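One structure is given below, encoded as structure tokens.
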Amino acid sequence: MNDLLFGVDPEEVSVPALVWAADEAARRRLRLRLVVAVPPVHDRLGYDALGHRTALRIRAESALADVEELVRRLRGPLPATSELVDGAPATVLLARAAGADLVVVGSRRLGRAAELLGENSVVVPLTARAPCPVVVVRAPEHTEVHPPTLVVGVDGSEQSQEAVAFAVHEASLREARLRAVWVWPRPLLAHEDTGAGLAERRRLLAESVAGWAERYPDTDIDQDVVRGHPVAELALAARESLALVVGRTGRGGYSGMRLGSTVHGLLHHADCPVITVPSGAPVLGGDRPRGRAERPPRLGPDRPPPG
């Protein structure tokens, strides 16, 4: 049985993130692997490093026990393991992410400086470097909205193709609609031919999702091209969704941008869980027989749509 890795934050256990992880593990028939890290304590003159380290370990043990009990109480006999590890949290989780299908962490709504510079921050390092999809649960999923909807950001890149592959399978598992959104930045020049540009982006978006409806006939896929900034428009599109899915390069970019541009902005502004899918990530398994289907062939200007 493969693992879904959940990073336990001993400072503040995220119940929405834990619930999301437990439910996803059940949906995908994965083992829930609970991991808490005890960070190193650096010796300082006149500083009780041993006492501080002991306090950190006690806090971590307590948090892990609380999480184990919460999983049992909320989700019953879900296959699960737990582990307390010495080391920097990001380093510990990244090492274990190499053997996981999915990683889930909560977010303490830290400011950008704290997330980037904090020695025990995990969100940015995991999002940038984990070899598997990473789910950051800053806000609960919106299960009260019907029909339930999952949103995926599309920009025609190879990374967004990986995101579409993940998102359509996730939507199928959840019996949800999938909304594929292409964000088109506003024109810099007033004389830009917006009509032709809009038609071209609609064509590219249709090309990006072509073939998935045939492989997942139970999943409705909506397509939208919107104008504006990617962070603002994707966050707006996902404001009442189960989750927002975006692709990233191995170093964490989106559509060729540097780390921290769109993906980092969405981690701070999206009002739902954010799922980042790295290049080369497989379509994960689950209950649906179509879950391990290969990705449909990518269309080019000389290749007609399937069927």
(message) Just to compare against my own numbers: the Cα pair-distance distribution for the stretch 3-137, 5 Å bins, whole % per bin, please.
(response) 2, 11, 20, 23, 20, 13, 6, 3, 1, 0, 0
(message) Along the Cα→Cβ direction, 7 angstrom out, place labels at Val226 and Ser82. What is the inter-label distance in nm?
(response) 4.0
(request) Give, as ranges by residue number, the residues of the stretch 219-236 whose backbone N falls under 14 Å from the point 7 Å along Cα→Cβ of Ala199. (result) none
(request) Subtract the Cα-Cα distance of Met1 and Ile58 from 0.36 nm times their separation in residues, and report this length gain in nm to one decimal. (result) 17.5 nm
(message) What would the Debye equation give as log₁₀ I(q)/I(0) for the stretch 149-278 at q = 0.13 Å⁻¹, counting only Cα atoms as equal point scatterers?
(response) -0.49
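Every number here is computed from the coordinates shown, using simple stated rules; none is lab data. Predicted, not measured: the structure shown is a model, and the values here were computed from it. Reconstructed Cβ throughout: ideal geometry from the backbone, glycine too, with neighbour counts over all protein chains shown.
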